[in-house]
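Here the structure is laid out as structure tokens; the discussion comes afterwards.
Derivation of every value follows stated rules applied to the coordinates shown; laboratory data play no part. Just so you know, these numbers come straight off a predicted model, no measurement behind them.
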Amino acid sequence: MTQPNLPLTGACLCGAVQLHVTAFPLLTLACHCRDCQKLAASAYSLTVMFPAEAVTATGELVLGGKHSEERKHYYCPTCLSFVLSRLKAAPERVNLRASLLDDLTWFTPFVEIMTEEKQPWAQVPVSHSYARFPTTAEELADLMDDYAKTIAPSAPGTDPA
């Protein structure tokens, strides 16, 4: 895996919502839940988790999709692109739809979740796989630490493995 060049930029389909990201991802993932399959109109959705303070979305965002007090999904009101999600339990993080970023040459999902709902033919090149979700905050923190090591630039003369 490679480290993205910062800042990252992106936009919704119509360009009414512009994205600007100033920090490296905390985690990349593919979600196989049926909700994400429906939201993405695909076998899974691709997500990049960032520190919330590093993500700026300019333009109007509206709440939509299947949401609750615990989980909010935000869309562009013009083209209805699914832009980002916020979790009440993790206000310090934002889950951004990977497909909206302009440059994805660095992107590979590191984790797949909700594989119990995975389409039988869907294959994702990941390092970690979960039938549902990581079960503890410590487990998620360990995943983020492992991911950070995979995108960290290596020192000259060292093996990045």
### Task
Determine ³J(HN,Hα), in whole Hz, for all residues of segment 61-68 in sequence, where each value follows from phi through the Karplus function 6.51 cos²θ - 1.76 cosθ + 1.60 and θ = phi - 60°; x replaces Gly and Pro.
10, 10, 6, x, x, 7, 10, 8
### Query
Is it possible to state the helix-based mean residue ellipticity at 222 nm for the chain, with each DSSP H run of 4+ residues giving -39500 (n - 2.57), the sum divided by total residues, to the nearest 500 deg cm²/dmol? What is it?
-4000 deg cm²/dmol
### Query
From the Cα gyration tensor of the chain, with a ≥ b ≥ c the square roots of its eigenvalues, which class applies: rounded if a/c is under 1.5, or else prolate if a/b is larger than b/c, or else oblate?
oblate
### Query
What percent do you get for the relative contact order of the chain when only Cα pairs under 8 Å and 6+ apart count?
26 percent
